[in-house]
Amino acid sequence: MTLEYFIDKLLNLWVFAFIGILVWLYFKREPGDNEGENQEAVEKN
Amino acid sequence: MFKNPLLLTALTLTGLIAIWGIIDTAGLTKFSSSITGVMFTSRGWFVMLSASFLLILGIWLAISPYGKIKLGKDDDEPEFSTLSWLTMLFAAGMGVGLLFWGTAEPLSHFEVVREYANPFRSAEHALFITSFHWGLHAWAIYAVTGLVMAYFSFRQGYPNLVSSPLKAVFGQRTWTKSVGWLCDLLAIYAIAIGIGGSIAMGVFQVQSGVESLFGLDNSGLWLAGVIFAVLCFSYIFPLMVDLSKGMATLANTAMAIAGGLMIFVLLTGPTYYVMSGITESIGDYFARVVPHGFKTYTFFDEKVSTWFQSWTLTFMVWWFAWAPFVGVFIARISRGRTIREYILGVILVPTLFSIFWFGVFGSVGFYEVLRLDASILEVLKTNINDTTFFVLRHLPLSTLTIAATVLAAFLFVVTSVVSASFVLSMFATGGDLNPSTRTKLIWGIILGALGLVMILSNSIDAVKSIIALAALPFINIVLLVTVCLLKALKSEVV
């Protein structure tokens, strides 16, 4: 039972970490990330 | 070919699984069942959440301004007419599963649900659950995976690989290269095992049809072996010569037979009962589909939990396993369409067809159970592969319809193996659109061996758990490449 709980915790922690990484990757700034927004702003001006 | 580490690793990995399965089928089945059991208990919520997230994301993309973006250059036009595009979509995504599960699945749910509700409510719920498994969520998984592939290959010019979005968005870095490599490997692995399962399901279906046609009783593995040999012989030739147009014709023929069969059953069966069942199923489905996508049956007993794992979760991961294969295919035929058109076509139309299909075959099954005698439930318990044929035997021209079903199942499997060998070879050779005949043949043999493993297991439940084992890691990859798409879309001017 204890081993089962331990494995369950590990598997779920892995999922939480993975979701965290996805969110971080989404918001992480990359070179050229704002090209679209910048171009839109230029077009509006 | 042997200088390509990805190809070598993929061939070794899938080859080892095949050898293990052939030597010790029971051992592999036990191993995969225990691992998937643990994973499903711990991560069932994540599987459901991921499928629902992809559905909501797909709908949002379709209605958002991003929906106007073309999958291709801005002046690209669609290659296929909308009707043939929709037909090809459906044939690729469901294939032999439709023929196999048409009546068997709603009745299997009915058997469980009726222990908790009255038979009439149970039939309604069973039909809803079946439509849920084959509906919006399944197609959203396919649609978003295909969308990622189409966007990065046709709009941004990257190779048609699962790893391309990572390299496109985060650049050629050490981590993108290694994670990308792993993504391609897991995609190959998931496709290979998924197609192996499809071969086994097709062989079980054809075997049952042949037994029904020739009055054979419980032919055992020898007939399955003969059918498997004929199947291998049938797909080896198309792998050696380019028959892409011929394959499309065969897939469309199989789909036409399946469509004709559905109309035949509707017209020769209890039509009013079937049409009423479909109408009810449509209403029930659209009223409950979104909340049900978040349902995990946490507060029910062990029996319901097991049922949920072996059906809903298995189906969901099954769609994830097929997603890279179907995604590549959907992407290839969708060039020139807008994201809105693509999402609506890929998610909505096949879902409506699925509701109709299971409405027809499920309602005919329920008519047998609730209005006539319940002998079909015995068939379900003793030989699930025979359920569709049991229904057909009770309708006119049964010899013809059973032969047509056998032919359609056979064609679905042959076309799936040929297309999968091409996609696997393409993935394993860095996106080469013309992989060598030798590479395709090797994949054809590996797929055949994996199919043989699952046939030897002689159990559809074993097939389901082996597929689930291969598919589970791929859920993470689909989510990862989806984030890449969302990041890339931020740079689009809409």
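The values are calculated or read from the model by the stated rules, or taken from the named source; none is laboratory data. These numbers were taken from a predicted model, which means no experiment stands behind them. For neighbour counting, all protein chains shown are included, and Cβ atoms are generated from backbone atoms with ideal geometry for every residue, glycine included.
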Could you check, for the range B:319-327, whether at least one of its residues is in a helix (DSSP H, G or I) and under 30 Å from B:M275 (Cα atoms)? yes
In the range B:165-177, anything within 14 Å of chain A (Cβ to nearest Cβ) and part of a helix (DSSP H, G or I) is listed as B:P165, B:L166, B:K167, B:A168, B:V169, B:F170, B:W175, B:T176
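Residue by residue, here is whether (1) at pLDDT 90 or above; (2) more than 7 Å from chain B (Cβ to nearest Cβ); (3) more than 11 Å from the chain's Cα centre (by Cα) holds:
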position	(1), (2), (3)
A:I7	no, no, yes
A:L11	no, no, yes
A:L22	yes, no, no
A:E40	no, no, yes
A:N45	no, yes, yes
Complete set of residues in the range B:150-164 that are more than 18 Å from B:L6 (Cα to Cα) and either within 14 Å of chain A (Cβ to nearest Cβ) or not in a loop (DSSP other than H, G, I, E, B) (or both): B:A150, B:Y151, B:F152, B:S153, B:F154, B:R155, B:Q156
Quick one: is B:A258 touching a residue at least 24 places away in the same chain (Cβ under 8 Å), more than 27 Å from B:F389 (Cβ to Cβ), part of a helix (DSSP H, G or I) and under 21 Å from the mean Cα position of the chain (by Cα)? no
Scanning the range B:422-441 residue by residue, the ones that are buried (at least 16 other Cβ atoms within 10 Å of the Cβ) and assigned to a helix (DSSP H, G or I) total 9
Looking at (1) more than 27 Å from B:T387 (Cβ to Cβ); (2) in contact with a Ser or Thr (Cβ under 8 Å, 6 or more places away or on another chain); (3) of a type in the set (S, T, Y), which is the one condition that is false for B:T314? (1)
Are any residues in the range B:385-401 closer than 30 Å to B:L86 by Cβ, hydrophobic (A, V, I, L, M, F, W, C) and assigned to a helix (DSSP H, G or I), and if so, which ones? B:F389, B:V391, B:L392, B:L400
Scanning the range B:136-176 for residues that are touching a helix residue (DSSP H, G or I) at 6+ places or on another chain (Cβ under 8 Å) and within 18 Å of A:K28 (Cα to Cα) gives B:P165, B:L166, B:K167, B:A168, B:V169, B:F170, B:T176
Give me a count of the residues in the range B:468-494 that are within 11 Å of chain A (Cβ to nearest Cβ), in a helix (DSSP H, G or I) and small (G, A, S). 1
Considering only the range B:364-374, I want to know if a residue exists there that is out of contact with any helix residue (DSSP H, G or I) (no Cβ under 7 Å at 6 or more places or on another chain), farther than 30 Å from B:F237 by Cα, in a helix (DSSP H, G or I) and without any contact (Cβ under 8 Å) to a residue 60 or more places away in the chain. no
Determine which member of the set B:L411, B:L377 is in contact (Cβ under 8 Å) with a residue 60 or more places away in the chain, in contact with an Asp or Glu (Cβ under 9 Å, 6 or more places away or on another chain), away from every other protein chain (no Cβ under 14 Å) and of a type outside the set (G, A, S). B:L377
Scan of the range B:57-88 for residues that are under 18 Å from B:V289 (Cα atoms) and surrounded by fewer than 13 Cβ atoms within 10 Å (Cβ to Cβ), ordered by number: B:W60
Going through the range B:92-143 in order, the residues found to be among the hydroxyl-bearing types (S, T, Y) and free of Cβ contacts under 8 Å to residues at least 40 places away in the same chain are B:S122
Step by step: first the residues of the range B:178-214, then only those that are over 24 Å from A:E30 (Cβ atoms) and either among the aromatic types (F, W, Y) or not in a helix (DSSP H, G or I) (or both), then the one that is nearest to the other protein chains (Cβ to nearest Cβ). Which residue is that? B:Y189
